[in-house]
Amino acid sequence: MVHKFCSLKWLFIAGIFILIVVTILLIAKPAFTQSHHEEAYIATVDGVEIHVSEFQRAIDANRAGMIKYFHEKYDAVPSAAFWTTPYGGKEIPLELLKKKALEDSINQKIRQILAKEHGVLPDISYNAFMQNFILENERRQQAIKNHQVVFGPAQYTEEAYFEYVMGNAALSVKNQLMEHDWKPNEQQLITFYESNKRRLYRAPATVKVRLLSLSFLDANRNVDALLKTRAKRKLETARQKISSGVSFELAARDIDQDDQVTEQIYNLDSYRHNARSPVAQASADLLPGEVSEMIEENGRFYLIQCMEKDQLGSKYLAFDGIREQVLKDYIDHQYEEYIRERLTDAKVVLNGELYGKFQM
């Protein structure tokens, strides 16, 4: 009996030990993040430090994507040995993750340097970022206590606040450059539009239809049974005439309803909007020249004839109608090209000791 009790005791202790080990594996962070000095950096970009916590942020952002990559390519599953196992004889998850995180960290630091050069971010150190992060959350908390309006989340996470800061910084830099160095003339915009219209400015799939509709609502917007019967009979007559070869317009005129004929264009990519409209759904199913059955929607009966149907990419959005969007895309393109140039010219010095110590 005593022996059995001891066995159960040791099993219990062993179970607790295993649970502790698993927990450590799940929450373990790189060794250097637990003991690093406040000013430790993983690399410098043109003399500007990338703090180890900035590198850690990039690690966290890429972790799930890296697991997915190895699962899809090698059918690998997370385990204690996953991050250090070579797959395909050459690819090690940890090394690829570190490489990607370092590239992303350098990219973000270049964007911060550019923002500082343009006076948008006076201090681009990690410590300054964290101070602002804490102050912003304190401000939001106090505003909520005072019943003031707070736009966005009640409290930012570090990742969300970083995206917020960098998004606004990039926008400010782009606006400055657009007003001066990169301000395009009309021909530059047209050239950009023509070069990128297949990728950016394809017109959505659409269908253009004629609609013959009759209401069966009374003056109080209630259904009138007698009006509904008459409207249905009239449209049935019109459809019979169309089926016998009479044009849509003439059939409407023959039932004295030519003033009820309208034209409408439906965007076939607007699935959620179209799902709420039986008329839009029926229009999407028609081919040019075809006429629908009678459709009921919102107190009216409809007959629909398809006039034109354009598939996605068969046409392009007209430049004059999207000029502002083209201008925005042009500036975004110029900005990303400039970032690539700065990355190419940047002097990066890696802190090999800390980089080598990184473990999952």
Notebook entry, point to check: What number goes with the only condition from (1) among the aromatic types (Phe, Trp, Tyr); (2) out of contact with any Phe, Trp or Tyr (no Cβ under 8 Å at 6 or more places or on another chain); (3) not in a strand (DSSP E or B) that Tyr330 does not pass?
Noted result: (2)
Note to self: Is it the case, given these coordinates, that Glu179 is more than 30 Å from Asn62 (Cα to Cα), surrounded by fewer than 13 Cβ atoms within 10 Å (Cβ to Cβ) and either among the charged types (D, E, K, R) or in contact (Cβ under 8 Å) with a residue 12 or more places away in the chain (or both)?
What the structure shows: yes
Note to self: Let me spell it out: the conditions are (1) modelled with pLDDT of 90 or more; (2) over 27 Å from Ser125 (Cα atoms); (3) open to solvent by less than 50 Å² (accessible area, probe 1.4 Å), and Asp75 meets all of them except one. Which number is the exception?
What the structure shows: (3)
Next item on the list: Could you please give the count of residues in region 271-295 that are open to solvent by 30 Å² or more (accessible area, probe 1.4 Å) and among the polar types (S, T, N, Q)?
Entry: 1
Margin query: Against the condition open to solvent by 20 Å² or more (accessible area, probe 1.4 Å), touching a helix residue (DSSP H, G or I) at 6+ places or on another chain (Cβ under 8 Å) and modelled with pLDDT of 95 or more, how does Asn132 come out, does it pass?
Written below: yes
Next item on the list: Sort through Gly299, Gly245, Gly313 and tell me the only one that's modelled with pLDDT under 90 and under 40 Å from the mean Cα position of the chain (by Cα).
Entry: Gly313
Margin query: Please pick out the residue among Ala275, Ala284, Ala251 that is in contact with a strand residue (DSSP E or B) (Cβ under 7 Å, 6 or more places away or on another chain), of a type outside the set (Phe, Trp, Tyr) and modelled with pLDDT under 95.
Written below: Ala284
Check: Taking Leu171, is it of a type in the set (A, V, I, L, M, F, W, C) and open to solvent by 80 Å² or more (accessible area, probe 1.4 Å)?
Finding: yes
Next item on the list: For region 211-298, please list each of the helices (runs of 4 or more DSSP H) lying entirely inside it that holds at least 2 residues being charged (D, E, K, R).
Entry: 225-243, 248-254
Notebook entry, point to check: How many residues, within region 101-129, are touching a helix residue (DSSP H, G or I) at 6+ places or on another chain (Cβ under 9 Å), farther than 23 Å from Pro153 by Cα and in contact (Cβ under 8 Å) with a residue 60 or more places away in the chain?
Noted result: 11
Next item on the list: May I ask you to list pairs of residues, at least six apart or on different chains, whose Cβ atoms are under 7 Å apart, with the first in region 320-346 being surrounded by 14 or more Cβ atoms within 10 Å (Cβ to Cβ) and the second being among the hydroxyl-bearing types (Ser, Thr, Tyr) and at pLDDT 95 or above?
Entry: Val326/Tyr193
Next item on the list: Considering every residue within region 252-270, establish whether at least one is small (Gly, Ala, Ser), open to solvent by 30 Å² or more (accessible area, probe 1.4 Å), under 36 Å from the mean Cα position of the chain (by Cα) and closer than 17 Å to Ile295 by Cβ.
Entry: no
Check: Somewhere in region 224-238, is a residue open to solvent by 40 Å² or more (accessible area, probe 1.4 Å), small (Gly, Ala, Ser) and out of contact with any Cys (no Cβ under 9 Å at 6 or more places or on another chain)?
Finding: yes
Check: Could we say that Tyr193 is among the aromatic types (Phe, Trp, Tyr) and either open to solvent by 40 Å² or more (accessible area, probe 1.4 Å) or closer than 30 Å to Ala284 by Cβ (or both) here?
Finding: yes
Next item on the list: Kindly indicate whether any position in region 18-29 is open to solvent by less than 70 Å² (accessible area, probe 1.4 Å), at pLDDT below 95 and outside any helix (DSSP H, G or I).
Entry: yes
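The values are calculated or read from the model by the stated rules, or taken from the named source; none is laboratory data. Just so it is clear, the model here is predicted, and its values are computed rather than measured. Glycine also receives a Cβ, built like all others from the backbone with ideal geometry; neighbour counts cover every protein chain displayed. These area figures cover heavy atoms from the full protein model, side chains too; ligands, DNA and RNA do not enter into them. Shrake-Rupley method; radii C 1.70, N 1.55, O 1.52, S 1.80 Å.
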